[in-house]
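The values are calculated or read from the model by the stated rules, or taken from the named source; none is laboratory data. Just so it is clear, the model here is predicted, and its values are computed rather than measured. Cβ: placed from backbone, ideal geometry, glycine included. Neighbour counts: every protein chain shown.
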Amino acid sequence: MFDSWRGFETSSLSPEWHKKLQLLANNCRGDILKMTTLAASGHPGGSMSSIDIYATLYNLANIDPKQPKRDDRDRIIISHGHTSPGAYSALARSGFFNIDDCITGFRKAGSPFEGHVEQSVPGIEWDTGNLGQGLAVGIGKAIYAKQSKKNFHTFVLMGDGEQQKGQISESRRIAVKYNLKNLTTIIDYNQLQISGDILNVMPQNISAEWKADGWEVLGIDGHNLNQIYDALYQAIHKIDKPVMILASTVMGKGVSFMENKEAYHGAPLKEDQLEVALKELNIENNYESYKDKRKKFVAPDYNIEKVSYPEVDLGQPITYQVDEKTDCRSAFGNALVSFADANINNDSFVVSVFDCDLAASVKTSGIEKKYPDNFFQFGISEHSTATAAGALSAEKAISIWADFGVFGITETYNQARLNDINHANMKIFNTHCGINVGEDGKTHQCIDYFGLLNSTFGWKIITPADPNQTDRIVRYVLSNSGNFAVVMGRSKILTIPDENNKPFFGDDYQYKYGQIDKIRDGKDVVIAAAGNMMANVFEAWKILSNAGIQIKLVSISDWTDISDDDLEYLASEKYLITVEDHNIKTGLGNWIGSKLFDKGLKTKLVKMGIRDYAPSGNADDLYRLLGLDANAIVETVKNLL
Ligand SMILES: Cc1ncc(C[n+]2csc(CCOP(=O)(O)OP(=O)(O)O)c2C)c(N)n1
């Protein structure tokens with residue numbers, strides 16, 4: 001086993017290291033073939049073209065097999081996650097874990113060695129597999145290094161077919177704009193992908209595109225260890241801008257009958273072919289012994305250290321009075337600045353706020369003006385923003401992205417899903433949600449925020465009822481780990497009053513995640529208002545109350561987690577009406593309905609929500625048109641009683 005933490009300090013690769021790496025890479029080729037044949041699946045071709053690069057990086061970068069999560073380690077991100085056999089074997093052979101575990105357990109149910117690179121394997125930084133996202137992950141890591149004043153380098157390994165993905169072009173520009181010279185990309189240029197020659201699949205000039213966006217491009221032979229080392233040395237120590245190393249390689253390199261054959265992109269060898277291949281590589285064929293081991297495989301527990309969430313000061317809550325109407329997005333913006341004020345002098349506080357050309361509308365301009373070093377303008381690059389902000393949030397840092405719901409959630413669902421798979425701590429603040437978006441029309445109406453994010457297992461979706469609750473919720477999510485989406489509308493809305501006409505969510509209110517808020521007591525009907533629909537529901541409650549009809553009024557901000565006690569309360573009367581600014585098919589009403597059913601709780605459920613794409617118009621007119629204004633809610637109650 002070799003000790004790492006070398007950081008490419010010497011200007012050339014020593015002959016001793018050359019020899020070690022050559023041998024190591026050859027052994028890895030054997031490992032790749034054994035594990036894919038044993039699993040009867042996987043991607044040997046690209047793994048073998050990338051392996052000399054993997055071997056060099058995992059042995060000579062500043063990483064520590066004994067402490068894979070050391071905060072000052074270099075970050076090695078694998079964007080072409082299907083080359084997991086290459087990455088796993090190189091990590092094993094540089095001391096991160098036992099190579100036998102990896103060969104035996106590759107792609108076996110319950111094993112950490114999943115089909116595409118996963119953080120369950122020590123040394124893997126980010127789960128990938130959906131191509132095109134790795135460079136944005138690297139951006140998140142490189143920004144973390146800069147923001148936290150850490151001196152580590154980030155390397156991103158990518159495929160060449162992968163370069164067809166649009167998200168990469170967003171990321172290229174962002175890296176240059178922010179002069180991320182602590183970021184180096186290496187492209188495995190084997191010129192093949194699943195369907196054959198990359199230029200037949202999709203004509204593209206990879207080198208020219210990167211150069212045009214401002215990257216330094218170094219062309220090398222990706223199987224020449226000296227050239228790999230030299231290029232990395234140049235990128236780390238000599239070149240003052242982001243560097244892309246275009247490493248010419250050969251798919252299936254090392255086994256003559258596999259070389260330059262796209263068939264081996266994703267096809268393992270048969271056992272008789274493996275025999276021939278191992279002979280050519282001059283590696284002992286101990287394949288049979290793994291067959292039995294695989295049957296008895298017990299998944300190792302690597303007990304990988306978790307990054308703790310930063311401790312922060314919540315700052316001083318801001319209370320909005322009942323006689324003023326405020327939009328929740330402004331309450332968010334104000335809370336954000338106040339939160340930053342409270343923490344910015346703390347040396348270990350790393351906060352980054354991302355924008356995609358909408359800061360004035362989503363109210364992050366306050367941060368942009370007051371704390372420009374913490375503000376990142378990524379332009380109309382939502383996919384890269386979602387990924388980069390997610391990757392940053394998995395570090396000891398607070399990562400905030402504010403956008404219209406339709407861009408921050410609907411547009412970027414898969415990036416959000418990957419952030420969740422990677423246990424990120426993203427905080428997304430989505431304004432202009434529901435039909436409360438102004439007159440922009442149906443393309444801008446985010447009516448699927450819950451349906452989408454509730455399809456993941458980790459995201460928590462919160463819709464504040466008014467500006468005061470927005471303030472409390474913003475402070476809560478910024479001080480807690482996990483992926484949170486805070487969803488708001490655009491309009492100025494009522495500050496919800498308590499029985500004494502003081503702010504209900506005022507100075508004495510304690511926000512507790514997962515708890516419904518009982519706004520008024522009554523009987524026969526419970527109305528559950530989702531987020532800022534509370535304003536319309538409250539107007540309806542006033543009309544009903546004046547007519548002598550007292551109903552129970554509930555505000556639900558935390559849709560994801562509703563406690564059993566709260567479910568019982570919701571089902572405590574003959575009727576439950578849910579009112580939401582969301583697609584009725586995947587929204588709160590259906591979600592609560594299924595939960596009530598699960599618990600055997602009975603009530604008659606009436607769902608009020610969005611039933612079709614809505615036209616353009618201001619929010620009040622649209623709510624009236626779609627039967628979600630106070631009068632429609634009153635009518636619904638009266639029809640039930
Ligand atoms: C977004 C996305 N689309 C499609 C795929 C399916 N896929 C997996 S690998 C691959 C080809 C990748 O080609 P390349 O980057 O050249 O890798 P190599 O063939 O050299 O291993 C495709 C299309 C995917 N993983 N992600």
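Here is a yes/no grid of residues against (1) assigned by TED's automatic domain parsing to the domain that holds Phe378; (2) at pLDDT 95 or above; (3) out of contact with any Leu (no Cβ under 6 Å at 6 or more places or on another chain):
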{"residue": "Asp71", "(1), (2), (3)": "no, no, yes"}
{"residue": "Ile78", "(1), (2), (3)": "no, yes, no"}
{"residue": "Gly81", "(1), (2), (3)": "no, yes, yes"}
{"residue": "Ile103", "(1), (2), (3)": "no, yes, yes"}
{"residue": "Val117", "(1), (2), (3)": "no, yes, yes"}
{"residue": "Ile139", "(1), (2), (3)": "no, yes, yes"}
Which numbered condition Leu567 misses (of (1) over 18 Å from Ile516 (Cβ atoms); (2) out of contact with any strand residue (DSSP E or B) (no Cβ under 9 Å at 6 or more places or on another chain); (3) in contact (Cβ under 8 Å) with a residue 24 or more places away in the chain; (4) of a type in the set (A, V, I, L, M, F, W, C))
(1)
How do the pairs read when you match residues in region 592-617 that are more than 16 Å from His444 (Cα to Cα) with residues anywhere that are modelled with pLDDT under 95 and part of a helix (DSSP H, G or I), using Cβ under 6 Å and keeping only pairs 6 or more apart or on different chains?
none
Within region 598-637, track down each residue that is assigned to a helix (DSSP H, G or I) and among the aliphatic types (A, V, I, L, M).
Ala619, Leu622, Leu625, Ala630, Ala632, Ile633, Val634, Val637
Regarding region 220-228, can at least one residue be identified that is buried (at least 23 other Cβ atoms within 10 Å of the Cβ) and small (Gly, Ala, Ser)?
yes
Take Ala142 and tell me if it is within 26 Å of Asn260 (Cα to Cα), more than 16 Å from the ligand (Cβ to nearest atom) and among the hydrophobic types (A, V, I, L, M, F, W, C).
no
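This table checks each residue for (1) away from the ligand (no atom under 16 Å from the Cβ); (2) touching a residue at least 40 places away in the same chain (Cβ under 8 Å); (3) closer than 24 Å to Gly252 by Cα.
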site	(1), (2), (3)
Leu131	no, yes, yes
Thr154	yes, yes, no
Glu170	no, yes, no
Tyr178	yes, yes, no
Gln193	no, yes, yes
Residue, modelled with the highest pLDDT, within region 6-32, restricted to residues that are buried (at least 16 other Cβ atoms within 10 Å of the Cβ) and part of a loop (DSSP other than H, G, I, E, B):
Leu13
If I ask for residues that are more than 16 Å from Phe297 (Cβ to Cβ), more than 16 Å from the ligand (Cβ to nearest atom) and crowded, with 24+ Cβ neighbours inside 10 Å, which ones from region 66-92 would you list?
Asp74, Arg75, Ile76, Leu91
Count of residues meeting criterion [surrounded by 15 or more Cβ atoms within 10 Å (Cβ to Cβ) and part of a helix (DSSP H, G or I)] in region 266-275
2
Residue under evaluation Met251, criteria (1) more than 31 Å from the chain's Cα centre (by Cα); (2) within 12 Å of the ligand (Cβ to nearest atom), criterion not met:
(1)
Per the list (1) more than 30 Å from Glu324 (Cα to Cα); (2) crowded, with 20+ Cβ neighbours inside 10 Å; (3) touching a Phe, Trp or Tyr at 6+ places or on another chain (Cβ under 9 Å), residue check on Thr586 breaks on (2)
If you check Ala136 against the conditions, is it within 16 Å of the ligand (Cβ to nearest atom), farther than 21 Å from Pro242 by Cα and part of a helix (DSSP H, G or I)?
no
Failed item in (1) in contact (Cβ under 8 Å) with a residue 40 or more places away in the chain; (2) more than 16 Å from the ligand (Cβ to nearest atom), with Glu216 passing the rest
(1)
Out of region 33-50, which residues are within 12 Å of the ligand (Cβ to nearest atom), assigned to a helix (DSSP H, G or I) and touching a helix residue (DSSP H, G or I) at 6+ places or on another chain (Cβ under 6 Å)?
Pro44, Gly45, Gly46, Ser47, Met48, Ser50
Looking at region 156-167, which of its residues are within 8 Å of the ligand (Cβ to nearest atom) and either out of contact with any Asp or Glu (no Cβ under 8 Å at 6 or more places or on another chain) or modelled with pLDDT under 95 (or both)?
Gly161, Glu162, Lys165
Give His432, His423, His444 a once-over and let me know the one that is over 16 Å from the mean Cα position of the chain (by Cα), surrounded by fewer than 24 Cβ atoms within 10 Å (Cβ to Cβ) and not charged (D, E, K, R).
His444
When region 407-450 is examined, which residues are found to be part of a helix (DSSP H, G or I) and of a type in the set (Gly, Ala, Ser)?
Gly408, Ala416
Residues (among the hydroxyl-bearing types (Ser, Thr, Tyr) and closer than 22 Å to Gly115 by Cβ) located in region 1-57:
Thr36, Thr37, Ser41, Ser47, Ser49, Ser50, Tyr54
Kindly check whether there is at least one residue in region 182-191 that is under 30 Å from Lys150 (Cβ atoms), within 16 Å of the ligand (Cβ to nearest atom), among the acidic types (Asp, Glu) and in the same structural domain as Leu131 (by TED's automatic domain parsing).
yes
